[in-house]
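I have placed the structure first, in the form of structure tokens, so that the comments after it can refer back to it.
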Amino acid sequence: MSEERGRLAAYWDRQQERLDEMERKRALRLPSWRTRKRRRALSVLVVAGDLILIAGAAMFQSKPPAVFVVCWFGGAVIAGGAQYLLRILTGKMSGGFSLRLDEREREWRHRVTYVSYQILVVLMLVAVLYGLIISGTEDGGARGAMMGCALLVTGTTLSTVILGWSLPDDDPEDFEEVNPA
């Protein structure tokens with residue numbers, strides 16, 4: 001039993017080191033974008049992509065779905081690309097373990113996570129209501145599933161969007177400590 005714990009602890013330490021290395025590399029990316037203005041612009045892009053995704057789900061039909069395909073994949077590309085960049089810019093606060101955050105960062109992340117969870121619950125209730133309303137229509141099940149997916153994706157992006165919108169500008173001195181080597 002003790003040997004197993006030792007192996008698990010060693011594995012956990014290796015994972016932490018790997019994550020720390022990834023964070024150091026990520027911290028060097030896009031240094032001129034680490035401003036509140038850029039993060040807010042990306043937050044708006046994520047929300048716009050999510051709204052396009054929701055509009056595509058609302059227009060879903062099994063017949064030739066030209067508008068649906070454009071909205072669904074266009075929204076996914078816009079939201080996904082902006083979300084990827086925003087996660088780089090928000091750094092370890094949006095994707096790291098709580099143990100790696102300082103007290104202020106941990107409190108901020110917990111608050112943002114709580115708010116985004118509450119909004120996600122409301123979005124899932126909207127998805128259920130939407131599914132119930134359209135259940136008697138043609139392709140009601142598929143349309144409800146598409147809306148559920150769109151609202152779930154929207155809900156999962158919220159914590160990073162809120163962080164991107166509300167975080168202050170990064171302190172340039174924080175990045176002087178990170179060695180590119």
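The values are calculated or read from the model by the stated rules, or taken from the named source; none is laboratory data. Note that the coordinates shown come from a computational prediction; the quantities given were computed from them, not determined experimentally. Methodologically, a virtual Cβ is constructed for each residue, glycine included, from the backbone with ideal geometry; neighbour enumeration extends over all protein chains shown. Only protein heavy atoms, including side chains, enter the accessible area calculation; ligands, DNA and RNA are left aside. Shrake-Rupley method; radii C 1.70, N 1.55, O 1.52, S 1.80 Å.
Looking across the range 1-56, the residues that are at pLDDT 90 or above and either among the hydrophobic types (A, V, I, L, M, F, W, C) or not in a helix (DSSP H, G or I) (or both) come down to ALA41, LEU42, VAL44, LEU45, VAL46, VAL47, ALA48, LEU51, ILE52, LEU53, ILE54, ALA55.
Restricting the first member to the range 64-82 and to residues that are under 21 Å from VAL161 (Cα atoms), and the second to residues that are of a type in the set (Asp, Glu) and crowded, with 16+ Cβ neighbours inside 10 Å, the beta-carbon pairs closer than 6 Å and six or more apart or on different chains are ALA79/ASP50.
Every condition in (1) surrounded by 17 or more Cβ atoms within 10 Å (Cβ to Cβ); (2) assigned to a helix (DSSP H, G or I); (3) at pLDDT below 90 is met by LEU85 except one, and the failing one is (3). If the condition is being farther than 16 Å from VAL161 by Cα, assigned to a helix (DSSP H, G or I) and open to solvent by less than 90 Å² (accessible area, probe 1.4 Å), then the range 98-122 contributes SER98, ARG100, ARG106, VAL121, VAL122. The C-beta contact set for the range 126-141 (first residue under 14 Å from MET59 (Cβ atoms) and open to solvent by 50 Å² or more (accessible area, probe 1.4 Å), second residue modelled with pLDDT of 90 or more and assigned to a loop (DSSP other than H, G, I, E, B), distance under 9 angstrom, 6+ apart or interchain) is empty.
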